[in-house]
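Note sheet for the following structure.
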Amino acid sequence: MDFGVVLQTNPPASRTVQLSQLAEAHGFSHVWTFDSHLLWEEPYVVHSAILNATKRITVGPFVTNPATRDWTVTASVFATLNEMYGNRTICGIGRGDSAVRVTNGKPVSMSELRESIHVIRELANSRPVEYKGATLQFPWSRGSELDVWVAAYGPLALKLTGEVGDGFILQLADLDIARWMIKVVKDAAAAAGRDPDSIAFCVAAPMYIGEDREHMRDQCRWFGGMVGNHVADIVAKYGTSGEVPQALTDYIAGRTGYDYNSHGKAANNHVDFVPDEIIDRFCLLGTAEEHIAKLEALREIGVTQFAGYLQHDNKEETMRVYGERVIPALTEHITAKR
């Protein structure tokens, strides 16, 4: 299992770079950042600074979208960063959430998402692609490599992920839901003639090392609100029964609205509808031993990377404990089984 951290590009950018350096020092393999150009600083500028200040960490958006950025520009960014720093970038992509909603936009269609993944991946891998009736290729790009991981919740998005994604991003750490979604993605991959085991499976959730359960929950309650936005869209389309697990839909019954100006903030003041049980199920909270146990359970159902959100007041200590105890424990466990 690989390990990543998920950061917001809040000013000063030097702080994001510093946290990325700490992540690398503590054994994390990936640094991901939010991509909402109005709510936070422009991520790709910060990505360049992170790559320049680190040696091996892989960097990417968590997640970008096809609506607010021209696909060819997005591909050019990755190909340029790869030329400058080696092939150390990755693209997380979805239909669009905070970046489009703050401008009263809408998530893109499944067909647009599918096409954008193809265009971005081909161009950023130094290959030609057909786009809007023209054959395009970066004449300056040689040997660039980019994987595209798809963030998804609903059945159609999960199916698309299995059909075209290099990886699957699930933004919650509930074992039952993750098991169901991983199966849907793998089944779709197999039906499309792909090897399901070739797909990376990334679970992302707040990680907080500590002992004060109430405080940790309050620091991470925002995550239930963020996930609730996606769940609300799914419920609107599919209802509260059928293909979507009931555990994923029950908790949003008390949801009345969402302010994207507080998106991803521990001080979010409109997520009271998120119960403690959901926080415990969706997040990783507690001692190192509690984190290890849940991560081992996630690994057993096929998760290949855990990416921990650090939007709380215990960033450095959480990364330190992961570096000293959690990551080595998972590595030793895997080595012992071989």
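The values are calculated or read from the model by the stated rules, or taken from the named source; none is laboratory data. As the structure is a prediction and not an experimental result, all values here were calculated from the model. Glycine gets a Cβ as well: all are built from the backbone with ideal geometry, and neighbour counts include every protein chain shown. Surface accessibility is based on the protein's heavy atoms, side chains included, excluding ligands, DNA and RNA. Shrake-Rupley method; radii C 1.70, N 1.55, O 1.52, S 1.80 Å.
Numbers at a glance
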quantity: Amide proton proximity set for S126, modelled H, under 5 Å, gap of 5+; calculated: S144
quantity: Estimated FRET transfer efficiency (W140, I301; beta-carbon r; R0 30 Å; 0.05); calculated: 0.10
quantity: Surface per residue (accessible, 1.4 Å probe) for segment 7-164, Å²; calculated: 40 Å²
quantity: For segment 19-91, alpha-carbon Rg relative to the globular expectation (2.2 N^0.38 Å, N residues); calculated: 1.06
quantity: Sequence-distant residues sharing a close amide H with Y131 (under 5 Å, placed H); calculated: L136
quantity: Reduced Cα scattering model of segment 86-203, Debye log10 I(q)/I(0), q = 0.09, 0.21 Å⁻¹; calculated: -0.27, -1.21
quantity: J(HN,Hα) series, segment 279-291, from Karplus relation 6.51 cos²θ - 1.76 cosθ + 1.60, nearest Hz, glycine and proline x; calculated: 4, 5, 6, 7, 10, 10, 10, x, 6, 4, 5, 5, 5
quantity: For segment 19-24, 3J(HN,Hα) per residue [Karplus equation, 6.51 cos²θ - 1.76 cosθ + 1.60, θ = phi - 60°, Hz, x = Gly/Pro]; calculated: 5, 5, 5, 5, 4, 4
quantity: Coil-residue trypsin sites (Lys or Arg not before Pro) of segment 16-85, DSSP, other Cβ within 10 Å capped at 13; calculated: K55, R56
quantity: Antiparallel content of DSSP bridges confined to segment 70-217, in %, to 5; calculated: 25 percent
quantity: Cross-link table K106/K132; K186/K294; K55/K315; K183/K294; K294/K315; K159/K315, entries beyond 24 Å C-alpha to C-alpha; calculated: K159/K315
